[in-house]
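Right, one structure below, let's go through it.
The values are calculated or read from the model by the stated rules, or taken from the named source; none is laboratory data. Computed from a prediction, not measured in an experiment: that's the story for all the values here. Don't worry about glycine lacking a Cβ; one is built from the backbone with ideal geometry, like all the others, and counts go over all protein chains shown. When the accessible area is computed, the model is the full protein with side chains, heavy atoms only, and any ligands, DNA or RNA have been set aside. Shrake-Rupley method; radii C 1.70, N 1.55, O 1.52, S 1.80 Å.
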Amino acid sequence: MLEPYLFATRSRPLRLVRITLSLAVIIGVAGSIGYSRQLAQLRRTYAKLRTQAGELEVDDPTKVAICPMPFLDDDIPPGVDQAYVWRYRVHIPADYGPAFRTQRGLVTADSPQGRGSSGGSWGGSNMESEELLMTMALIHSDGKWRFCRSSGGSSSAGVLPDDFKIESIDDLVIDVPVPADVGTRVFDTDEAICLIRIREKNLAKKRNGKTEENLYRGFVVYMHSNEYKDAFEAWAKGAADSMQEARP
């Protein structure tokens, strides 16, 4: 009569061990599933944030790198009837000193040259590289279209002519440094970078009805290193066919 009792006594701890191990496995599996779901959610959130922030890849810090950033309609401030916005993350190399030049009125299709109003801004270079958030925007408010640019501590704004009407952005030719689906684009420091060019598709008309030669109504913004300011201005004024040609 003692043997069954002894067997039951010995087997009871074994059953407890098996139950404990089974519970541990179940808890481990459940925890693993929970952690996997959390990790998947974190990865989706991270991917979304990277997309919203722009994936700026800087393989060579001695060059300019630009990547586009998405712009959400919810970011448009109150009081603005309509807006078209282009935003970029920009890596600026050390000792670059970004300079900006805007040409409004009549512009060419492939250079900073044109006729009308122009303006520029520039600053000193930094000993270390930096990252700038650049924004270019067409904003319609109070019955007028305005073009605004901001980048770091530099900004400019101007009202477009009343007869420069924008019924649809598709009716215009728009040049940007990096298309939205490209990612990061790299530029040498001696390049002049067209940050945005918006122009009409057809050549501008003279007062006598004849067409202008390679001139369109619109505006353009360029960025270049302050080191090549004189060479860029010579190109912009038509004294040279390129900034490289105007360099000493």
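Among the residues of the range 173-225, just one is among the β-branched types (V, I, T) and more than 27 Å from P98 (Cβ to Cβ), namely T211. Within the range 101-122, the set of residues being at pLDDT below 90 and either loosely packed, with under 14 Cβ neighbours inside 10 Å or of a type in the set (A, V, I, L, M, F, W, C) (or both) comprises S117, G119, W122. Residues of the range 123-155 being part of a strand (DSSP E or B), under 24 Å from P68 (Cβ atoms), at pLDDT 80 or above and among the polar types (S, T, N, Q), which ones? T135, S150, S151 - these are the residues of the range 123-155 that are part of a strand (DSSP E or B), under 24 Å from P68 (Cβ atoms), at pLDDT 80 or above and among the polar types (S, T, N, Q).
Restricting attention to the range 185-206, the residues that are open to solvent by less than 20 Å² (accessible area, probe 1.4 Å) and in a loop (DSSP other than H, G, I, E, B) add up to 1.
Taking the conditions exactly as written (over 30 Å from E212 (Cβ atoms), in contact with a Ser or Thr (Cβ under 8 Å, 6 or more places away or on another chain) and touching a residue at least 40 places away in the same chain (Cβ under 8 Å)), does G97 satisfy them or not? So G97 fits the description; yes.
Does any residue of the range 240-247 turn out to be in contact with a strand residue (DSSP E or B) (Cβ under 8 Å, 6 or more places away or on another chain) and not assigned by the TED database to the domain that holds M134? Looking for residues that are in contact with a strand residue (DSSP E or B) (Cβ under 8 Å, 6 or more places away or on another chain) and not assigned by the TED database to the domain that holds M134, one finds at least one in the range 240-247, hence yes.
Scan the range 123-138 for residues that are out of contact with any helix residue (DSSP H, G or I) (no Cβ under 9 Å at 6 or more places or on another chain) and open to solvent by 40 Å² or more (accessible area, probe 1.4 Å) and the total you get is 7.
Here the range 174-184 is the region considered, the condition is being in contact with a strand residue (DSSP E or B) (Cβ under 7 Å, 6 or more places away or on another chain) and of a type in the set (V, I, T), and the residue that is least open to solvent (accessible area, probe 1.4 Å) is V178. Scanning the range 171-183 for residues that are closer than 18 Å to I139 by Cβ and without any contact (Cβ under 8 Å) to a residue 24 or more places away in the chain yields nothing. Of the residues making up the range 207-242, those that are at negative phi, open to solvent by less than 50 Å² (accessible area, probe 1.4 Å) and in a loop (DSSP other than H, G, I, E, B) are E212, L215, A240, S242.
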